[in-house]
Amino acid sequence: MGFAVPAYDTPSLPVAGSEDRFPVRRIYCVGRNYIAHAREMGADEREPPFFFLKPNDAIVQNGASIPYPVATEDYHYEGELVAAIGKGGENISVDDANDHIFGYGVGLDMTRRDLQETAKQMRRPWDMGKGFDQSAPCSEIYPASKIGHPKDGALWLKVNGEIRQSSDINLMIWNIPESIAYLSGLMRLEPGDLIYTGTPDGVGAVKAGETIDVHVDGVCDLTIHIT
Ligand code: MN
């Protein structure tokens, strides 16, 4: 048996310190997970966590150059810590959640903010604002067996060397074990799933020709060029 049309290769990310790669299955993103960002987006800061997805082939490798996307005039960066699931499960408890994490990376939840805002106003899905081509740059994955489970530390983002976001991952409204517990009550998690854990305040637009650097203490740096 063959495939009727060409089958695609499984999108994947390097694993730091290894020849192996991390296969990317689903990309889950947590919405509005830092109070200061929820406020800047005009949201209720007490709401339970909510999630959206990006396609797995939206992954972009660290150091890559990506074209300014079509259909937007308001292309935003969102720097985020990313958790990589190594063991599947459903209804995972907060206490058990770390056992399901293979490792961590640093990601960008790139956003066509104008399309997202239109979708919000018209009560339409966010996919075209959030899940477009090359919308999910991510660094190599650092195994938790090497770096542990980061709970605090600086998260900053620079555009052309200028600081635009500066926060701490300990300011997440829902920490990573809580997000995993909640999400795994909605969908069964599997090895290869990534969870983008939300962005702090300071989101903004980038233009062609600019370079974005994102850093999370204890994890790594991600650099992406917009062409
Ligand atoms: Mn985000």
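Quick note: the coordinates plus some simple rules give every number you see, no bench work behind them. All values reported here derive from a predicted model rather than from experimental measurement. As a convention, Cβ positions derive from the backbone with ideal geometry for all residues, glycine included, and neighbour counts pool all protein chains shown.
Karplus-derived 3J(HN,Hα) values for segment 155-165, using 6.51 cos²θ - 1.76 cosθ + 1.60 with θ = phi - 60°, are 10, 10, 9, 10, 10, 6, x, 9, 5, 10, 10 Hz; glycine and proline are entered as x.
What's the FRET efficiency of VAL70 with ALA7 using the Cβ-Cβ distance as r and R₀ = 25 Å, to the nearest 0.05? Mind showing how you got there, number by number?
Details: r = 26 Å, r/R0 = 1.04.
After rounding to 0.05, the efficiency reads 0.45.
Would you list LYS158, LYS87 from fewest to most Cβ contacts within 10 Å?
Working: LYS158 19, LYS87 13.
In increasing order of surrounding Cβ atoms, one gets LYS87, LYS158.
Annotation: for a label point projected 7 angstrom from Cα along Cα→Cβ of GLU90, residues of segment 153-186 with backbone N closer than 14 Å are 183-186.
In terms of other Cβ atoms within 10 Å, MET41, MET1 run from fewest to most in the order MET1, MET41. Note that segment 113-122 has calculated 3J(HN,Hα) couplings of 4, 5, 5, 5, 5, 4, 4, 4, 5, 9 Hz, one per residue in order, obtained from phi through the Karplus relation 6.51 cos²θ - 1.76 cosθ + 1.60 (θ = phi - 60°); glycine and proline are x. Using the Karplus equation 6.51 cos²θ - 1.76 cosθ + 1.60 (θ = phi - 60°), what ³J(HN,Hα) coupling, rounded to whole Hz, does each residue of segment 130-140 give in order, writing x for Gly and Pro? Taking θ as phi minus 60°, the curve returns 10, x, 7, 4, 6, 8, 10, x, 8, 6, 4 Hz for segment 130-140. Checking every one of the GluC sites (Glu not before Pro) in segment 63-159 against DSSP loop status and a limit of 13 other Cβ atoms within 10 Å picks out GLU73, GLU90. Near ILE141, the amide H atoms lying under 5 Å from its own belong to VAL15, ALA16; only residues 5 or more places off or on other chains count, and H is placed 1.01 Å from N.
Take the Cβ-Cβ distance between ASP133 and THR223 as r, set R0 to 25 Å, and report the resulting FRET efficiency rounded to the nearest 0.05. It would help to have the intermediate numbers written out before the result.
On the way: r = 20 Å, r/R0 = 0.78.
Using R0 = 25 Å, I get an efficiency of 0.80.
Computed over segment 59-108, the Cα gyration tensor eigenvalues convert (square root of 5λ each) into semi-axes of 31, 13, 9 Å, ordered from largest to smallest.
Placing unit charges on C-beta atoms (Lys and Arg positive, Asp and Glu negative, everything else neutral), compute the dipole magnitude of the chain about its Cα centre in debye, rounded to 20. Please list the in-between numbers first.
Working: 20 positive and 33 negative charges, 86 e Å.
The calculated dipole for the chain is roughly 420 debye.
With a simple spin-label model that places each label point 7 Å from the Cα along the Cα-to-Cβ direction, the separation between ASP44 and ASP114 comes to 3.1 nm. Dividing the Cα radius of gyration of the chain by its Kirkwood radius returns 0.95 for Rg/Rh. Segment 23-60 and segment 137-174 have Cα centres lying 15 Å from one another.
Mind running the shape call on segment 105-162? Use the C-alpha gyration tensor, a ≥ b ≥ c as the square roots of the eigenvalues: rounded below 1.5 for a/c, prolate if a/b tops b/c, oblate otherwise.
prolate
Taking square-rooted eigenvalues a ≥ b ≥ c of the alpha carbon gyration tensor, is segment 6-112 rounded, prolate or oblate, where a/c under 1.5 means rounded and, failing that, a/b exceeding b/c means prolate? Because a/c hits 1.5 or more and a/b fails to exceed b/c, segment 6-112 counts as oblate.
Each of THR72, THR227 was scored by other Cβ atoms within 10 Å of its Cβ. Arranged with the fewest first, they read THR227, THR72.
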